[in-house]
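Working notes for the structure below.
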Amino acid sequence: MVNRVSKGLGAVALAAACWTGVDAGSPAQGPPTTPPVRPAVGAAAPSPAAAAATHGATVKQYCVTCHNDRAKTGGLSLEGLDIAGAAQSPDVWEKVVRKVRVGMMPPQGMPQFDRTTRQALVSYLTTSLDRAAAARPDPGRKLVHRLNRAEYANAVRDLLGLEVDPAALLPPDDSAYGFDNVADVLGISPVLLERYISAAGQVSALAVGDPEIGVASETFRVRQDQSQDRHVEGLPLGTVGGMLAKTTLPLDGEYVIQAKLFRTNLGAMRGLEYPHQIEVTVDGARVHLASFGGDADFKASLANPTVAGDDVDGRTRVRVKLPAGPHEIGVAFIERAPTQNSWRLQPFVRSSHDTFDPTGYPHIDVFTVTGPYNGTGPGDTPSRRQIFSCRPATAAEEEPCARRIVSTLVRRAYRGMDTAEDLQRLMAFYATGRKAGNFERGVQLALQRMLASAKFVLRIERDPANAAVGSVYRISDLELASRLSFFLWSSIPDDQLLKVAASGRLRQPEVLKLETRRMLADPKAQALVTNFAGQWLYLRNLKNMVPLSTTFVDFDDNLRRALAQESSLFFQSIVQEDRNVLDLMTADYTFVNERLAKHYGIDNVYGSHFRRVTLADDARRGLLGKGAVLMVSSHTDRTSPVVRGKWVLDNLLSAPPPPMPNNVPPLDESAPVGAKVMTMRERLEKHRANPVCASCHRIMDPIGFAMENFDAVGAWRAREGGTFGSDIDASGVLLDGTPINGVSSLRQALLRDPEIFVATVVEKLMIYSLGRGVSAADMPTVRAVVRNSARQNYRFSSIVDGIVASGAFQMRKAAEPESE
């Protein structure tokens with residue numbers, strides 16, 4: 001809602017003031033000495049030489065045949081490496097552990113060792129590697145960490161009590177290792193710096209309520225494939241279609257709300273055949289009701305569709321006085337009695353399937369909120385209540401009050417790392433704004449400077465002054481508080497966490513555990529669902545999936561949003577109820593509304609709200625039965641056993657297949673005229689006849705075929721190609737020789753060694769929590785967290801506790817000497 005340019009300082013001048021070395025160069029906090037390192041894992045008894053010889057012979061017999069200096073299959077050679085000295089080459093042997101444990105090595109067609117030998121080899125290697133890591137821990141060294149746009153928005157919310165749309169302020173962030181909070185790819189460019197400075201100006205103006213904010217428009221678009229003949233959750237009962245949008249109005253004043261209805265490809269407005277009513281609500285209260293449609297409008301549309309459509313759009317426009325602050329604005333249709341809708345043929349579930357037919361249900365296309373007009377002041381908003389902790393009654397009280405406000409905000413904004421110099425710098429900006437305007441203008445400019453500061457936008461951890469080069473040291477309590485809050489909340493620490501950290505008690509194991517559990521129970525831990533699970537499971541990709549409408553004629557945005565909500569609620573239940581993380585694979589419950597229940601074939605579920613149901617179908621259990629997962633691992637027109645197999649290997653087993661070679665031919669999608677249409681299995685068998693393709697497909701395809709009973713949008717099917725198609729063959733053999741037939745047997749096979757899946761969860765959480773990729777040096781920590789959480793039935797909180805207590809999370813490696 002803000003379209004003004006920041007005043008007081010130009011963007012370039014503000015950039016120079018905000019991002020100079022003096023701003024980020026405050027001394028590191030915390031003890032300068034290096035405390036004793038607590039081993040991440042327990043040391044095991046040394047293996048006898050006989051064990052080393054036995055396992056060395058196993059490697060030589062089954063592995064060196066391909067992985068030698070001459071062949072270097074997969075770019076790996078084990079020839080000349082002594083297994084007794086595995087700790088000297090952890091990168092190599094951790095690769096061996098990862099591949100051997102899940103049965104990817106030795107590959108099919110080569111001599112195989114039995115399960116006992118496999119487990120013994122893995123146990124020997126991991127014991128050796130864990131012992132070496134305990135003796136010489138390496139917590140890694142994370143780079144300077146820029147807040148990504150989700151973290152920036154959350155920090156603004158918690159600092160100022162202001163909800164902002166990060167997509168409107170900042171560009172998308174790059175990702176690495178599956179997450180967009182990895183420091184390595186969160187760089188700063190001059191253009192991005194300008195965007196952060198611009199965002200600081202817009203946020204500070206909106207938070208304070210700058211009276212000079214100009215008129216601006218905010219547009220909300222309803223997806224074209226949304227069915228608008230049913231109730232949308234959050235909108236008043238008795239309405240159908242439309243949209244509920246959240247916005248923050250900057251000033252008390254008048255705002256224009258304008259809805260526009262969907263028009264066909266030929267320019268005719270749909271739905272004028274019968275009379276309808278459209279309702280505009282603000283915070284649940286009706287502010288406008290407009291009628292349209294019927295004989296007069298329909299005849300006018302036949303005569304001149306453009307003029308008739310413009311006339312109807314004009315009736316939906318309303319100008320209303322609204323107070324500043326957050327509001328929920330809804331636009332929807334009043335539901336008509338079903339008897340008023342007569343259909344000669346059964347309609348599609350998706351009401352917007354035909355984009356040419358002007359008859360049928362009307363659909364809202366977009367609506368805009370424009371203002372403020374005749375603004376009367378900033379009002380009493382949550383952000384103003386949070387910012388202005390005092391109100392000066394006289395001119396003499398202004399400077400002390402401003403200092404109190406700024407010092408309170410900067411402590412939170414800089415995560416307890418603020419200094420006297422920081423406060424002095426911000427008060428100088430206050431003085432500039434006060435001189436050019438008034439008290440509130442001064443606070444606004446100081447706030448703008450604060451939000452544009454490197455100390456706010458960047459998470460900087462500094463080596464203690466006396467840290468030896470390459471040494472390992474424990475980070476300060478305040479730095480630990482910041483790591484913890486961005487892990488669990490994707491946001492800044494709250495006052496309680498900062499208070500505990502400032503007292504020096506946060507590093508105490510019991511105190512740290514209590515704070516971790518408190519934060520997991522806080523609603524802000526929803527960030528683990530939206531940011532962690534959303535990226536780990538590819539759920540963020542769902543909004544970009546647009547299935548081919550001629551193949552999936554009933555798919556609509558209502559189902560897309562229901563699939564996303566189901567997965568979010570499911571993962572949230574694991575976190576909030578502190579369940580065993582294996583329930584992610586085996587839970588016999590899910591969350592559905594009426595639209596999703598019909599898609600899954602679940603009876604007796606009505607209404608738009610979600611409720612928890614027990615699954616009678618074993619195939620729907622856990623992640624493998626979630627429609628969102630099945631959809632993001634498919635193509636838009638068909639399933640893909642390859643993509644689904646790769647998804648399982650990447651995200652459930654943490655054992656990705658080798659990269660695809662450059663010379664791999666595409667899958668043949670064509671069929672000769674008059675020939676039988678090949679099934680997906682037949683097409684892939686033809687594809688695998690190429691030796692270049694066969695090696696990778698042997699890994700992925702059996703997994704994907706086990707899930708073939710689910711179509712590309714997650715619906716169950718018994719036949720491929722419809723009623724007259726071929727029966728689904730969901731059988732296969734995994735790399736380790738395990739036969740499977742369908743998704744239930746696949747799930748059982750994946751959980752035969754449950755520690756593999758738990759280790760994947762731990763590894764993904766570690767990447768997300770540390771903001772960096774995990775290396776061979778981190779795998780002993782992963783295994784230690786898995787072992788310790790097993791004593792607590794793999795509860796989600798026990799895994800989080802283990803990561804937070806680890807050396808990788810609490811420690812850091814000092815800078816290495818620069819190479820010449």
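The values are calculated or read from the model by the stated rules, or taken from the named source; none is laboratory data. All figures in this text were calculated on a predicted structure; none of them were measured in a lab. Note: ideal-geometry Cβ built from the backbone for every residue, glycine included; neighbour counts use all protein chains shown. Note: areas computed on protein heavy atoms with side chains; ligands, DNA, RNA excluded. Shrake-Rupley method; radii C 1.70, N 1.55, O 1.52, S 1.80 Å.
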Subject >> For Tyr473: the one exception among (1) modelled with pLDDT of 95 or more; (2) of a type in the set (Phe, Trp, Tyr); (3) open to solvent by less than 20 Å² (accessible area, probe 1.4 Å); (4) over 29 Å from the mean Cα position of the chain (by Cα) >> reply: (1)
Original post:
Which one of Ser731, Ser726 is open to solvent by 20 Å² or more (accessible area, probe 1.4 Å), of a type in the set (Ser, Thr, Tyr), at pLDDT 90 or above and in contact with a strand residue (DSSP E or B) (Cβ under 7 Å, 6 or more places away or on another chain)?
Top reply: Ser731
**OP:** Considering only segment 109-137, state which residues are part of a loop (DSSP other than H, G, I, E, B) and open to solvent by less than 60 Å² (accessible area, probe 1.4 Å).
**Re:** Phe113, Pro137
**OP:** Kindly indicate whether any position in segment 143-150 is over 21 Å from Phe809 (Cα atoms) and either in contact with a strand residue (DSSP E or B) (Cβ under 7 Å, 6 or more places away or on another chain) or modelled with pLDDT of 95 or more (or both).
**Re:** yes
Original post:
Taking the condition closer than 30 Å to Arg595 by Cα, modelled with pLDDT under 95 and either not in a loop (DSSP other than H, G, I, E, B) or not basic (Lys, Arg) (or both), does Phe348 pass?
Top reply: yes
Original post:
What tally of residues in segment 306-327 results from selecting those that are open to solvent by 40 Å² or more (accessible area, probe 1.4 Å) and either over 30 Å from Arg385 (Cα atoms) or touching a Cys at 6+ places or on another chain (Cβ under 9 Å) (or both)?
Top reply: 7
Original post:
Tell me, which residue of segment 88-108 that is in contact with a Lys or Arg (Cβ under 8 Å, 6 or more places away or on another chain) and not hydrophobic (A, V, I, L, M, F, W, C) is modelled with the lowest pLDDT?
Top reply: Gln108
Original post:
Do the conditions hold for Gly214, that is, is it under 28 Å from Asn558 (Cβ atoms), open to solvent by 20 Å² or more (accessible area, probe 1.4 Å), small (Gly, Ala, Ser) and more than 24 Å from the chain's Cα centre (by Cα)?
Top reply: no
Original post:
Considering only helices (runs of 4 or more DSSP H) fully contained in segment 736-820, which possess at least 3 residues that are within 21 Å of Asn580 (Cβ to Cβ)?
Top reply: 743-750, 754-770, 779-790, 796-805
Original post:
Here is a list of conditions, (1) over 13 Å from Thr316 (Cα atoms); (2) among the acidic types (Asp, Glu); (3) open to solvent by less than 60 Å² (accessible area, probe 1.4 Å), and Glu279 meets all of them except one; can you say which number that is?
Top reply: (1)
**OP:** Give segment 144-186 a look and list any residue that's open to solvent by 20 Å² or more (accessible area, probe 1.4 Å) and of a type in the set (Val, Ile, Thr), or say none.
**Re:** Val144, Val164, Val185
Original post:
If we scan segment 493-501, do we find a residue that is open to solvent by 20 Å² or more (accessible area, probe 1.4 Å), part of a loop (DSSP other than H, G, I, E, B), free of Cβ contacts under 8 Å to residues at least 60 places away in the same chain and not aliphatic (A, V, I, L, M)?
Top reply: no
